[in-house]
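I have placed the structure first, in the form of structure tokens, so that the comments after it can refer back to it.
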There are 2 protein chains.
Amino acid sequence: MKIESVDFFYLSMPEVTTEADGSQDALLVRVSAGGFVGWGECEASPLTSIAGFYCPMSHGVCRPVADSVLGQTLDSPADIARIAAEVAYNSMDLLQAAHTFSGVEMALWDVLGKAMDAPVWTLLGYRASYKKTPYASQLFGDSPDETLRGAQKARSDNFKAVKFGWGPIGRGSVEADRDHFQAAREGLGPDGILLVDVGQIWGEDVSAAEARLPALEAAGAVWLEEPFHASALDAYGRLAKLSPKVRIAGGEGAHNVSMARHLINYGGIGFVQIDCGRIGGIGPAKEVADYAVERGVTYVNHTFTSHLALSASLQPFAGLADHTICEFPFAPKALARDITANRLMRDENGEIAAPDAPGLGITIDMKALQTYLVDVEIKVSGRVLYATPPVQ
Amino acid sequence: MKIESVDFFYLSMPEVTTEADGSQDALLVRVSAGGFVGWGECEASPLTSIAGFYCPMSHGVCRPVADSVLGQTLDSPADIARIAAEVAYNSMDLLQAAHTFSGVEMALWDVLGKAMDAPVWTLLGYRASYKKTPYASQLFGDSPDETLRGAQKARSDNFKAVKFGWGPIGRGSVEADRDHFQAAREGLGPDGILLVDVGQIWGEDVSAAEARLPALEAAGAVWLEEPFHASALDAYGRLAKLSPKVRIAGGEGAHNVSMARHLINYGGIGFVQIDCGRIGGIGPAKEVADYAVERGVTYVNHTFTSHLALSASLQPFAGLADHTICEFPFAPKALARDITANRLMRDENGEIAAPDAPGLGITIDMKALQTYLVDVEIKVSGRVLYATPPVQ
């Protein structure tokens, strides 16, 4: 097959707020090859990622992502890896390229899976897609009481695991944070899996993170996620040594395999969380999963948007029976829910699995897509480089 | 002062080729505050960086760079650091943000220097601007003979140091590369400073790099630059241990301070090369310079474009008397030469220094800017988010 076309669809809620909720907009990518159509999703800032695909070339290694994709042969996983390597080299000075290509790469796997009538996880070499225990991702409440109710609601919704993130944590006192952690535990009950995400709030300040460890331990948190800037390896490494019980989680910011490896090797993380919409897609995420297995680290997906992104994010560790925790968009905006015609439903045990269906196994709802579509036009020297394509 | 406006000017040569020459286009940034006007320059892919400044918000930590800059107070270096921290946090999920902000940040220093009637390097805490030995950056020839002539020309142009980069190196045999290294040495004469840049050609393949070390040693190369992907710390570290004589150089890809530190700590580099147009501007580059001094590593600027970028790139190590080698755009495209009304001329010894003039000490040639200006319009939901501003 030849890659015939790549189309970008920028979708947005009518209003986007400063809430740390990544499901307020989306950038879907449609790839056509050999009569098959595949879909992927980029994380985040749709306009910037679109610019990364269509921008004029700056020089030989700052080319638009399009240059390394359009017209390429796509017959095997090796072709996807080859295209990814070309993007990495030809666009090495284009910082946004990794995010732009991530959605394209997912769509390439989807196309290939459909053409080969096989789930993507089989193309990655797995023989089975094991069930995962999804955790409900939600924001900490504005008050401990709100956090408590959030935890209770998640349990009553049949979630065994809950991750609380962002909100007030790290912005006030150690005691205020402790009250939230305790409220979360109280709401979850003694057997619930509690995960805590602080969204890089402490920059590189190890002592600020350390001050919260006793309260996290007391609340039985399984992990503390993103205490520092994604690249603050020293800080990660120091905190990991101080915290044998509450393991450190991180990696969602990784926009290449090396960054994830460094968090494991130098940052000492116990859970590596990969967003397929940022790291360059499913192929590099699988490389990280392989590396994590080698190093005794647990792989976890990072997904806060649609079930297309969720399916893509499950593929790289679908076949790892022991890596069971998975992120699950618990309360996404209507956009993220509406744009797929099918979704990964939890079974009676509250578990999900990567679909046993060709490609990513997710169908796009074109009508819903139309509802959220943002009209964009980028003109350079009088020439339209990008205009929102018609939905059809 | 309040930051009143930020304007982007996308400039381009009439024709941009796949040559690895970053001076074929440019993105200039003009900042106005308190009646002063400052200029900076982003590296690279102007359209994508513009999109990063004006894009609609995706969520609370994926905001356009503009949100953290416009209307801010600018009265001291601490204000610049504060704005930079806001960008890093508010745009953490916007990968391109570091490149976009780099040019803005330079312009903030230029404004502040002009307002305080002081060179930027004094605002960074230096008491003197020491002379630097510029090396002529040029591409390897297509043949060793062409490389030889390039080296001879550089010497006859009064350059004591020459860096050859890219071209055929690493694409053919070890022997072919050796012939180029020898030709470069022959052309430079025995006392010339020879630097070699291979532009990440070996990915993570340490043995491919190792195979070239004997020829590099024999040719007396001072450094081997960017043998691997910017993030391949393990590969860097392993090669550094294998090469006590030819030190490894790298860092131009760093888009935050941590990345540069990691190359020093884990990658074992002996020269850290920082592009102020990528790392977030002059402030983070100065942090790297301080760290390099602490660790016995030599700081070098990375500059391949205009003398505005060159002046900005000299500021962070202007006061380091022992860090003498500096990159100098040897044969840039007409664009990069024309857009500044003054340039950093080499003295009779072939040396240059950061200007002893307010701000960055460089005046933009508005007429030339008009000549190379690219007309861009970005429209989202019927609203023009960016249109090339008039040159006045």
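No lab work stands behind these numbers, since they all come straight from the coordinates. On a predicted model such as this, the values are computed, not experimentally measured, just so you know. With ideal geometry, Cβ positions are generated from the backbone for all residues, glycine too; neighbour counts draw on all protein chains shown.
Only helices enter this figure: runs of n ≥ 4 DSSP H residues, each worth -39500 (n - 2.57), summed and divided by the residues of chain B, yield -10500 deg cm²/dmol at 222 nm to the nearest 500. Once you order the gyration tensor axes a ≥ b ≥ c over the Cα atoms, which shape class does the range A:123-338 get: rounded for a/c under 1.5, otherwise prolate or oblate by comparing a/b with b/c? Verdict is oblate for the range A:123-338.
In degrees between 0 and 90, to the nearest 10, how far off the longest principal axis of chain B does helix B:282-295 point, with axes built from Cα atoms? With rounding to tens, the tilt is 40 degrees. For chain A, the longest principal axis of the Cα atoms and the long axis of helix A:174-188 meet at an angle of about 80 degrees. Longest stretch of chain A clear of exposed loop sites (GluC sites (Glu not before Pro), DSSP loop, at most 12 other Cβ atoms within 10 Å, sites excluded): A:16-347.
The stretch between B:Glu175 and B:Asp67, if pulled fully straight at 0.36 nm per residue, gains 33.6 nm over its current Cα-Cα span. For chain A, a Gaussian network of Cα nodes joined below 10 Å ranks A:Ala81, A:Ala154, A:Ala230 by mean-square fluctuation, and the top entry is A:Ala81.
Hey, got the average number of other protein chain Cβ atoms within 10 angstrom for residues in A:250-263?
Working: counts 0, 0, 1, 3, 1, 3, 4, 4, 10, 4, 0, 4, 8, 0.
For peptide A:250-263, the averaged partner shielding equals 3.
For the cross-link pairs A:Lys333/A:Lys379; A:Lys132/A:Lys286; A:Lys2/A:Lys131; B:Lys245/B:Lys333; A:Lys2/A:Lys286, the ones whose C-alpha atoms lie over 27 Å apart are A:Lys333/A:Lys379; A:Lys2/A:Lys131; B:Lys245/B:Lys333. Label sites at A:Glu146 and A:Met1, each approximated as a point 7 angstrom past Cα along Cα to Cβ, lie 4.5 nm apart. Taking chain A as a Gaussian network, where each spring joins two C-alpha atoms under 10 Å apart, which residue of A:Gly150, A:Gly296, A:Gly203 fluctuates the most? The residue that fluctuates most here is A:Gly296. Each label was represented as a point 7 Å from its Cα along the Cα-to-Cβ direction; for B:Asp75 and A:Leu242 these points are 3.5 nm apart. Among B:Ser23, B:Ser12, B:Ser156, the largest mean-square fluctuation in a Gaussian network model of chain B (Cα springs under 10 Å) belongs to B:Ser156.
Measuring r between the beta carbons of B:Val293 and A:Asp205 and using R0 = 35 Å, the FRET efficiency lands at 0.90. Counts of other chain beta carbons within 10 angstrom of each beta carbon in peptide B:17-26 average 4. Please tell me the relative contact order of chain A in percent, rounded to the nearest whole number, where contacts are Cα pairs under 8 Å and at least six residues apart. Computed value for chain A: 19 percent relative contact order. Computed over the alpha-carbon pairs of chain B, the distance histogram in 10 Å steps reads 5, 24, 33, 25, 11, 2, 0 percent, short to long.
Could you work out the relative contact order of the range A:279-322? I mean the mean sequence separation of Cα pairs under 8 Å and 6+ apart, divided by the number of residues, in percent. About 43 percent, as a whole number. Rounded to the nearest 10 degrees, the angle from helix B:97-115 to the longest Cα principal axis of chain B is 70 degrees. To one decimal in nm, how far is B:Thr17 from the same spot in the other copies, if labels go 7 Å from Cα toward Cβ? Please give the shortest first. Here the equivalent label points are 5.5 nm apart from this one. By the count of other C-beta atoms within 10 Å, a proxy for reagent exposure, A:Ser243, A:Ser173, B:Ser76 are ordered fewest to most as A:Ser173, B:Ser76, A:Ser243.
How do A:Thr147, A:Thr303, B:Thr298, B:Thr324 rank when sorted from fewest to most other Cβ atoms within 10 Å of their own Cβ?
On the way: A:Thr147 27, A:Thr303 32, B:Thr298 22, B:Thr324 17.
The order, fewest Cβ neighbours first, is B:Thr324, B:Thr298, A:Thr147, A:Thr303.
Calculated FRET efficiency, A:Met366 to A:Lys153, Cβ-Cβ distance, R0 = 45 Å: about 0.85 to the nearest 0.05.
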